[in-house]
Amino acid sequence: PFWLKLEPFDPMYPRTRCKLRRSVQAFWTLGILARVGVALVPFAFVLLDLGGASLRFFNAPVLPPAFSVYGFRRGEAIKPPLAEPAILEFPADGRTAEDVLGVVVVPGNPGIPQFYSKFAQDIREELLATRGVQSHAYVLGYPNFPTGAPRVGPVARIDEEAARLGAAVERLAARHGKEGLVLVGQSIGAWCVLRHIREVLRGGSDNAGGKGIVAVVLATPFLEYDEGQAMLGRLCCSWWGHSLAGLVANFLVALPRFVQAFCAVDYGGIVREEDVEAVLQTFGRFPHHLESMVAMAKSEFELLVPNSSTNGFAVLQELLQDSRFPPVLALYARVDMWAPWKHAERMRGMLSRGRGARSSVKDYFVDLGDMKHSFCLVPDQSRQVAKHVVTFWDCVQIRTPEAAAA
């Protein structure tokens, strides 16, 4: 450098050593700032998208300019109407839906019905093989998780999703008015099921909400959060948590297909090829799936607050006092972050106390042992849970009011 020529170039000369040290420090600082700047570039894209810029990031599909990935809209706060839930159907063999039992599976978060198709088919096949009962199975999908195109519009809250799912359940119950419905809710889907039945019972219906719901299964239900999920709840409710979700979602979409498949099998623990393909067609194609998971989880943590009137245990306690509420089967695993065992003991206590002297309804509790929270993605566990559901249906000797009167 030119300034070294101004002084004798002697390493022991004090001013030379000082200038060399300052130069090294300056270049080191510039290097650190450059690295930080490069690292913040993706976040800049995400933050710009929060304002509605809808920039194309990593060649991922983008939403219309009026909406951001996270559902915040520029200008007036008007929500477009929610889409109808997607419904996967598995019909009975040679029988119309009106003449057979209906089995409706309400998924957890993410509400992608393809992940639950094997579980619904296992229930239907188990009913036919062991009880000789024909059934028509359904899996409901959440409007927040469209599988064939990017989500348009803001992310709906979980209570808004529950209302849409409840309307779909009512339509299916009307279709199966003769034999009724068995409602199976998994994870947050269990809360949606309980909320729907409570809302309809408050409307003055006579049986199971007057909608032909003859039995309720709460499978690894997420009904209330505790200290185990508190940190995750704070992450989901923070702005940087949403930004991080957008960054990760777009990164996953940008990965080659074989890397996505490797991640689904190695990190997601997914076994069946059909489930791997479902992951590739959802999380691997559109970033809105992961973003919707985080955004919807925010409303879940707001409603499932301990000691609140909106959490699942409070809703269930209210329903157990109502003679019109159908029999309940609760399924809990020993190690489950979303449905911890202390919640299982609380549930077992609530169900064992019964519904009062005037009620003949009996509820059931099953310990699933070391099963996973997402048991529906493990073939053996899915079949075992299906057997529990069918055994429960057989034990309570389900009858519709018309059949009981006859």
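Laid out as a table, the results:
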{"quantity": "Part-to-part distance (alpha-carbon centres) for region 294-326 and region 112-137, which is given in Å", "calculated": "27"}
{"quantity": "Exceeding the 30 Å Cα-Cα cut-off - candidates LYS178/LYS387; LYS298/LYS342; LYS342/LYS387; LYS178/LYS298; LYS298/LYS387", "calculated": "LYS178/LYS298; LYS298/LYS387"}
{"quantity": "Set of aspartates and glutamates with alpha-carbon distance to LYS362 below 17 Å, sequence-local pairs under 8 removed", "calculated": "GLU318, ASP322, ASP394"}
{"quantity": "Ordering of 320-326, 381-387 by packing [mean C-beta count within 10 Å, highest first]", "calculated": "381-387, 320-326"}
{"quantity": "Within region 238-285: Cβ-based charge dipole about Cα centre, in debye rounded to nearest 20 (Lys, Arg +1; Asp, Glu -1)", "calculated": "200"}
{"quantity": "Accessible surface of THR391 - all protein chains present, 1.4 Å probe, nearest 10 Å²", "calculated": "60"}
{"quantity": "Under-5 Å amide H pairs with ALA330, H placed in peptide plane, nonlocal only", "calculated": "LEU218, TYR364, PHE365, VAL366"}
{"quantity": "Whole-percent carbon and sulfur share, accessible surface of region 126-198, 1.4 Å", "calculated": "49"}
{"quantity": "Calculated from backbone phi, Karplus (6.51, -1.76, 1.60) coupling profile of region 361-377 in Hz, x at Gly/Pro", "calculated": "6, 10, 9, 9, 10, 10, 8, 7, x, 9, 5, 7, 4, 9, 4, 5, 8"}
{"quantity": "Surface/4 of the Cα convex hull for region 86-150, nm²", "calculated": "4.7"}
{"quantity": "Average accessible area per residue (Å²) across region 287-402 - probe 1.4 Å, nucleic acids and ligands excluded", "calculated": "46"}
{"quantity": "Protection proxy ranking, peptides 272-278, 213-219, average beta carbon neighbours within 10 Å, highest first", "calculated": "213-219, 272-278"}
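The values are calculated or read from the model by the stated rules, or taken from the named source; none is laboratory data. Nothing here was measured: the structure is a model prediction, and the numbers come from that model. Backbone-built Cβ (ideal geometry, glycine too); neighbour counts: all protein chains shown. Heavy atoms of the whole protein, side chains included, go into the accessibility calculation; ligands, DNA and RNA do not. Shrake-Rupley method; radii C 1.70, N 1.55, O 1.52, S 1.80 Å.
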